[in-house]
Structure formats: structure tokens, C-alpha cells
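Here's the structure, in C-alpha cells; my notes come after.
The values are calculated or read from the model by the stated rules, or taken from the named source; none is laboratory data. Fair warning: this is a prediction, and the values are worked out from it, not measured in the lab. Note that we place each Cβ from the backbone using ideal geometry, even for glycine, and neighbour counts take in every protein chain shown.
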Amino acid sequence: MSFPESQLEVAEPIDPQITATGLVAGQSPTRLAYNRFRRDRLSMISFWIVVFYFAAGIVSPILVKVGVSKPYGQDQKLLNIDLGGIPSGSWGGTSWHHLLGVEPRVGTDFLSRLSYGITFSLTIAICATVVAVVIGVVLGIISGFSGGYVDAVIGRFIDMTLSFPQTLMLLALSTTGVALFAKILPGEATDPIPNGVYEVLVLGLFGWPSIARLIRGQVLSIREREFIDAARLSGASRGRIYFKEILPNLWAPVLVQFTLIMPAYVSAEAALAFLGVGIPPPTPTLGNILGDSVNFSGSDFSYFLYPALLLAIIVVSFNLLGDGLRDALDPKGDR
Amino acid sequence: MFAYVVRRCFTGVIMLVVMSFVTYFLFFASPLDPGKFACGKSCPPALIKQTDKALGFDKPWPVQWKDFAVGVVKGRDYPEDPALRKSAPQLISHCSAPCLGYSQVNLINVTSELKDKIPISASLALVAFLMWIAGGISLGAIAALTKGSIVDRGVVGISLVFYALPTFWMGLFLIEFPAIKWGLVAVPSYTSIADGGVWGWLSNLFLPALTLALFYMAGYVRITRAFVLESMSEDYLRTAKAKGLAPRKILVKHTMRAALTPIVTLAGLDFAGLLGGAIITEQVFNFNGLGKLAVDSIQTFDLPTTLGLVLLLAAFVIVANIIVDILYAVIDPRVRVG
């Protein structure tokens, strides 16, 4: 989404050193984009929030291994059995030992669950985004560069994938899909790996068309450029033109797409967890914690609030980061 | 123009045919035995066989797909098997022209099953649509006009937060707090116009529609804001100002016009997607629409119903795409079709 700061086309400030010597130093487009991005306060804040989440996602499995964070531990003493296992104490049993309180029914430290949940949620979102981006970029390049009937076939294929009711198909195929993955991969049908792989693949397989469309549009203009002619004349193979000549010119839109699709997948994981698709508990993901937390909307407000808050922060920050990147990389580009 | 519409409809139909084929492959080439789910867990194998035979599940899937396709065009009779028809002629039921199959779980043909649920999902989609269009466009315009101010940031930021919160959380929040704890509105349960009048219908739709509208609004705020801002630097706007047109007229007639095309695109597709049922929102509010039917049919392995739903939803999206493209040409005279 476009935001005030990023909308403003600020003129490049003149570096005092350069004016002093009377020289104007040339700056590469990447450098210019980097400077534009640095000056955008909102983008920088969201960038650091995203970095923080990633750090939490990387550190928490280590903390779990060392035993500092215990996402599976149980402690019935912290719960009020008379109220049906609601944590005793205010704000979901917040204390120095349990900064965000404990989980109702089991008494697990909620901070441990949430931070470990971030690990799984981000992993799923990243993998699904990679699947979508790789398929989208490859088909987009082929479709844009080849033209003719190849382009037409891929175009129809894109239309069709976009018209398929995604959520419905995801749900409908989940039993068979997960059973299939449970056969090839280690783990039962209720284990994280087959469920996670199914979720990643299906999200990715439905997510590529919009990327392919965008990349195709970019390739249409790149393929008319001289360096492509030069490569063709010097006898470069198709594969070389695709991946050595065209692909390096696409990193900016690919990066922007990546940061805009990832939050959508973080949300999608949550929505699917509510419908029972994806990594099942007790392995925590933001989605399945959230799906459980809504059962306590009336009785344990902090348990209801925190996961939604964490999810909202990461999704908003990622979106703002993507917008900031787009504005920085392509100041005159379309929205 | 006419030729264009015909061509688009033709490709739309072909797409549906291919999609039904793919879906049939995905559903019926799997080891699941649809007949098994017609009766309880301790179903005798003979009964499963009989159900399979009656509904044609015993045939290879391409043949089943062919029967299905013929059924959509001409209608079909159940049971299919001639031996069964002879032994129990009183059970023969006819499924007329757009026959999407027969649900072995709900014991009803899929077409009439879907027909019953469409009004609920359509009501929800319509009210939500009006709410987010009104909210999104006006807030987007306000944000653009107050660009850079605290109002602008507030509007954009809050709409993004609502977009980021999952709909099931938002829905349950709205049920728990405004409805139950604060008692501002009644806990909604769907009432048709025939049962509760227009007011009863609308008031029960308010919370679920709000849940959806809050989620969808962010996109419209963003697009309206961006396009209004862009058109503000256009020459024609300066001309309008210079000739002394009232600011209100400038906003409505000149500025908003620029945002109309992208809004129509987004709105058409969002609305079409919702017409096919809001899976999560209907689940949360316990509305018996297409979305809830989808979840139920998947949980009970009611493959014919699921299949019918997939195709109906796809058809909505394809039709919406065609309508949007035609509207383009109407809204923007520069666009030529054909």
C-alpha cells in the first residue's frame, strides 16, 4: 500500500561534500533506491520489525533446544480448575516467569508457544512464497519471451488457476494430499511435515499466476532491448537468455512481489488453521494458536488478544515494507 | 463488441469444461470411495457397492466425467444402473437440466442443494459489498484530500490493521464483545426477507457483513487514495479549478472518475468470489450458505456437492471477469474491445 512518506517524490538532497568540491558524483540506480528507502521512516520501522520477527523465528528453536523456552511444558498449578482451566491471576496469569501468561487448559508458557509459532509460520510462508515466485518467474519469462501460442496457452492456464476457488480446493484435497505426503515423507498424517508440505505446495501452486502475469509484462519490454538482440546474435541458447540476460533485470519486481506475497501467506496460514488445514497442534504456529485462542474470546482476553496482535503486526509491517521497497525501487512505477 | 462478448463467453465455457475435467480427476482418481460415506461407519460392503452402482461411482473416472457433462446439458436420472432401475423403479429420481450430480450424503440433487443456499450467501455478499465500497471509497478520498496529515495516516493505518486481522478472529470478537458483552446488537442468525422483513434481514446481516467489509476495505482505501492523488496533478484538474468549478464537483466528476476503472476491476472479482460463499465468516456466524455447505461437504466427503460448488464458484469468477472487461469499455472510452 502506498503511504504518505513514500508517495512524496523528494528531490535528492545535495551532498555538502560534493558541492564543496564542485563535483557531482554519479550514483547507481541501486544506490539511489537504497537512499530513497533509508529516508522513508515508515519503511525503515517496518523493516526493523520484520528483522525482529525473523530473529525471533531463528532464535526460538535454539532456545527450545537449550531448554530456556518450553513450548510443550505443562503446569496445572497455574490454572484455576474451578473455572475450567483458565489461568489464575490477572491477564492470563502474567508473572515474571510467564511474561505473556500461560495457555489455558495446559499451563504452557505462552511466550514460548508464540515465539516458536513464529518460527513455523514464517517457515511455511517463506517456502510457499518461494514455490510461487519460482514458478511465476519461470513461466512469466517463458510466456513473455516466447509469445505466440506458448504465451496463449500459459495465459489461459493462468486464467484458469485464478478462477479456481482456491480455499475450497485446498480443503477438499487436504485429506488425500496429506495422506499422500505421509506415505512419501517421514511422519504420520497428523505430523507437522506432511501437513506443512501439503500446505506449502498448495499455497504456492495457487499463488504463482499473479506473479507470472507481472513478470510477463516486464519481459515484454525487456525482450525488445538491444542486449537481448546482441545475445541472440552471438548464438546464446534460450536458457542462457532466460536466466543470464533477462532474469538479472527482474530482481526488483521479484523482491517487491516477495515482500507483498509473504504476509498474505502468513494470513493464509492462520485462516487455513482455523479450517483445520496445515500443521496441527501441539506443534505451534501463529495460525493454530489463534484458531484455539478464539475459543477463549470471553474467558481469557489476553490469550485471545496476543496472537492476533502478533499476526497483525507482522502482516502490516511486511505490507509497509513491500510498499516502501516498491516506491524506492520504482518511483514512477505503477501501483 | 458483440463478437468480443461471444468469444469471451465461448472461452469461458471451455475453461469450465477443462476445469470440471481436472476437478473430476483430482477427486475421483483418488483412493477415496465416495459410496462409503453415504452410510455410517459400520456400513456393510454390499450397501456401499449398491450406492456406488446407483450413483455411477463404480465406473472409471473419465466415464463418470462424461456422464456428468451430459447431465449438465440434458439432465439425468438416478440410479444409472439398468439392473437397479428394474429392481426398484420407485426409487428413480430425475435430476433436471443443469444437473450437477446427486449428493449421496444429503440425499438430494446438488443443483437444488446449491439453489437453497445461494440467497444466504448472496445477501451476505451484497450487504458486505455495499459496506466496503461505501467505506473504502469515501475513506480513500478523505485520505487523499488530507494527504500526509494525521487523518490520512490514521485511515490508511487502521484499514491495514483490519486487513491484517484474520476474519474468524474479527467475527468472533464482534460476536463476543459488541453483541454478547455490550449488548449493542443481537447475535445474528440469518433471517430471510420473507420471514423477518427487510429490517430483520438487514440487522441480522450487519455483523457478518461488517466482518467481511472491514477485511476487504483496505484494498479500496488504497486504490482510491492512490488514483485520486495521481489525478490531482493532471492538467485537466487544474483547468477545472481555473474555470472556477466547485471543489465538490471537481472531486466527484473529475477526480473520482480516474479511480473508477481499477475499483471496478477489484470490486467485480471480490464480489464474485464472495457470492460463492464466505467460507470462514459463514462458519463463524453459523450462516447456512454456500461457504458452510462447502466445509460440511468436505468433512463428510460429499464429493458431488464439493464438485458442484467448485464449478459454481469458478463460473461466478469467469462471468465476473467478462462483465468487468465489458464495463471497462463502457467506463473508459479509450478502451477498445474486439
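Inspect the range B:297-310 for any residue being surrounded by fewer than 17 Cβ atoms within 10 Å (Cβ to Cβ) and either modelled with pLDDT of 90 or more or of a type in the set (Val, Ile, Thr) (or both) and give the result as yes or no. Looking for residues that are surrounded by fewer than 17 Cβ atoms within 10 Å (Cβ to Cβ) and either modelled with pLDDT of 90 or more or of a type in the set (Val, Ile, Thr) (or both), one finds at least one in the range B:297-310, hence yes. Does the range B:210-241 hold any residues that are away from chain A (no Cβ under 12 Å) and more than 18 Å from B:Ser138 (Cα to Cα), and which are they? Selection gives B:Thr211, B:Glu234, B:Asp235, B:Tyr236, B:Leu237, B:Arg238, B:Thr239, B:Ala240, B:Lys241.
What about A:Ser146, is it over 25 Å from the mean Cα position of the chain (by Cα), at pLDDT below 90 and either more than 27 Å from B:Leu266 (Cβ to Cβ) or within 9 Å of another protein chain (Cβ to nearest Cβ) (or both)? Yes, satisfied. Within the range A:70-112, the set of residues being surrounded by 20 or more Cβ atoms within 10 Å (Cβ to Cβ) and hydroxyl-bearing (Ser, Thr, Tyr) comprises A:Thr108, A:Ser112. Screening B:Thr305 against (1) in contact (Cβ under 8 Å) with a residue 24 or more places away in the chain; (2) of a type in the set (Val, Ile, Thr); (3) over 18 Å from B:Phe28 (Cα atoms); (4) within 11 Å of chain A (Cβ to nearest Cβ) leaves a single unmet condition, (3). Of the residues making up the range A:193-217, those that are surrounded by fewer than 17 Cβ atoms within 10 Å (Cβ to Cβ) and within 21 Å of A:Phe120 (Cβ to Cβ) are A:Ile193, A:Leu201.
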